[in-house]
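Below you'll find the structure, written out as C-alpha cells, and then a few comments.
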Amino acid sequence: MVKAVVFDMYETLITSFESPVYFGEQIAEDAGIPKEFFLDIWRSAEKDRTTGKISLEEIIEKITKAYGCYSEEKVKMIADKRISSKKEAFDHLHPEIIPLICKLKEKGLKIGLISNCYSEEAAVIRESVLFPYFDAVCLSYEEGLKKPDPAIFDRCIRKLKVRADECLYTGDGDSNELEAAEKTGMKPVQAVWYLKEGTVHPVKRMEKYVTAERPLDIFKMIG
C-alpha cells in the first residue's frame, strides 16, 4: 500500500523550459566572458555547487576573478537574474500539479521532495507555492548529498517515517534517479508531462518504467 509520494522538483513539479532559460551560456554572455572559459569552471564545480560546498555568488566571483572582470555589481546582477529565472519557473506549473498534491493530501498520503539543486534554487524552493505541501524535503545543497546517491533517498524515507516499499517515487528520470529509487525499494514512475521534442531536456521516455502522461495519473496509481 502506498503511504507516501516522493517527487523530483525540476522537470517533474516544475519545468525550466516554459520561460527563457538562464543557464551557464547565458550567464557567460552577461559576464562578458568567452563561453568555453566560463563553462569549463562552471561545469567543473557542478558537484560542489549541488552539494553545498559553493554558492552561486561564490562561483560567479571565482570565474570573474579568474578572467579578470570581477565586480560586486556584476556578481549581484547575475545572481539576481538567475534567481528571477528560477522563481519564474513556478509561474508555469502544469495545471494539474497543485490539484494532484491536494488530492494526495486529502487521501492522507505524505508528500516528499528529493531535488538536486544549487544555492539559489534551494532558497527559491523554500519560498515557493509548493513548499508548504511537503512533509519531508531533501535538497542536495542542504543535505550534502545528490541523486543518484541512495543515501538521499533513504534520508527522505526516514523523514517521512514510512518504508521504502510504501513510497511511490515520481521523477523525469534525470540523474539516474528512477534506477536509484528502485534500488532503494521505492516504486518508480517516470513523469513525462513536461517532456517535449525539440528541447534540450536531458532525458527521453524510458520504456522500462511506468510513465505518467499527466500529473493526475499519479493519483490513479496509488491504489
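The values are calculated or read from the model by the stated rules, or taken from the named source; none is laboratory data. Here the structure is a predicted model, which is why all the values come from computation and not from measurement. Cβ placement follows ideal geometry from the backbone for every residue including glycine, while neighbour counts extend to all protein chains displayed. To get the accessible areas, we keep the full protein, side chains included, count just its heavy atoms, and leave off ligands, DNA and RNA. Shrake-Rupley method; radii C 1.70, N 1.55, O 1.52, S 1.80 Å.
Structural remarks
- Flag if ILE125 is of a type outside the set (S, T, N, Q), surrounded by 16 or more Cβ atoms within 10 Å (Cβ to Cβ) and farther than 22 Å from GLU88 by Cβ: no
- Of the residues making up segment 172-184, at least one is over 18 Å from the mean Cα position of the chain (by Cα) and within 19 Å of ILE111 (Cα to Cα).
- Yes/no for LYS3 being touching a strand residue (DSSP E or B) at 6+ places or on another chain (Cβ under 9 Å), open to solvent by 40 Å² or more (accessible area, probe 1.4 Å) and modelled with pLDDT of 95 or more: yes
- Within segment 27-38, being closer than 15 Å to ILE59 by Cβ and either in a helix (DSSP H, G or I) or of a type in the set (Ser, Thr, Tyr) (or both) holds for ILE27, ALA28, ASP30, ALA31, PHE37, PHE38.
- Among residues of segment 38-50 that are of a type in the set (Val, Ile, Thr), those with a beta-carbon under 7 Å from a residue that is assigned to a helix (DSSP H, G or I) and open to solvent by less than 20 Å² (accessible area, probe 1.4 Å) at least six positions away or on a different chain give the pairs ILE41/ILE63; THR50/SER140.
- Residue check for LYS103: out of contact with any Phe, Trp or Tyr (no Cβ under 9 Å at 6 or more places or on another chain), in contact (Cβ under 8 Å) with a residue 12 or more places away in the chain, part of a helix (DSSP H, G or I) and open to solvent by 30 Å² or more (accessible area, probe 1.4 Å): no
- Residues of segment 144-160 that are touching a residue at least 12 places away in the same chain (Cβ under 8 Å) and not aliphatic (A, V, I, L, M): GLY144, LYS146, LYS147, PRO148, ASP149, PRO150, PHE153, ASP154, ARG155, CYS156, LYS159.
- Selection within segment 21-44 - in contact with a Gly (Cβ under 9 Å, 6 or more places away or on another chain), closer than 30 Å to ILE114 by Cα and open to solvent by 80 Å² or more (accessible area, probe 1.4 Å): ARG43
- Count of residues meeting criterion [in contact with a His (Cβ under 8 Å, 6 or more places away or on another chain) and either open to solvent by 20 Å² or more (accessible area, probe 1.4 Å) or among the hydrophobic types (A, V, I, L, M, F, W, C) (or both)] in segment 208-223: 1
- Residues satisfying the criterion are present in segment 164-172 (criterion: out of contact with any strand residue (DSSP E or B) (no Cβ under 8 Å at 6 or more places or on another chain), crowded, with 16+ Cβ neighbours inside 10 Å and not basic (Lys, Arg)).
- Among the residues listed as PRO188, PRO132, the single one being without any contact (Cβ under 8 Å) to a residue 12 or more places away in the chain, open to solvent by 10 Å² or more (accessible area, probe 1.4 Å) and either over 23 Å from GLY24 (Cα atoms) or out of contact with any Ser or Thr (no Cβ under 6 Å at 6 or more places or on another chain) (or both): PRO132
- Of all residues making up segment 45-88, the number that are in contact with a helix residue (DSSP H, G or I) (Cβ under 8 Å, 6 or more places away or on another chain), open to solvent by less than 40 Å² (accessible area, probe 1.4 Å) and either closer than 19 Å to SER19 by Cα or not in a loop (DSSP other than H, G, I, E, B) (or both): 12
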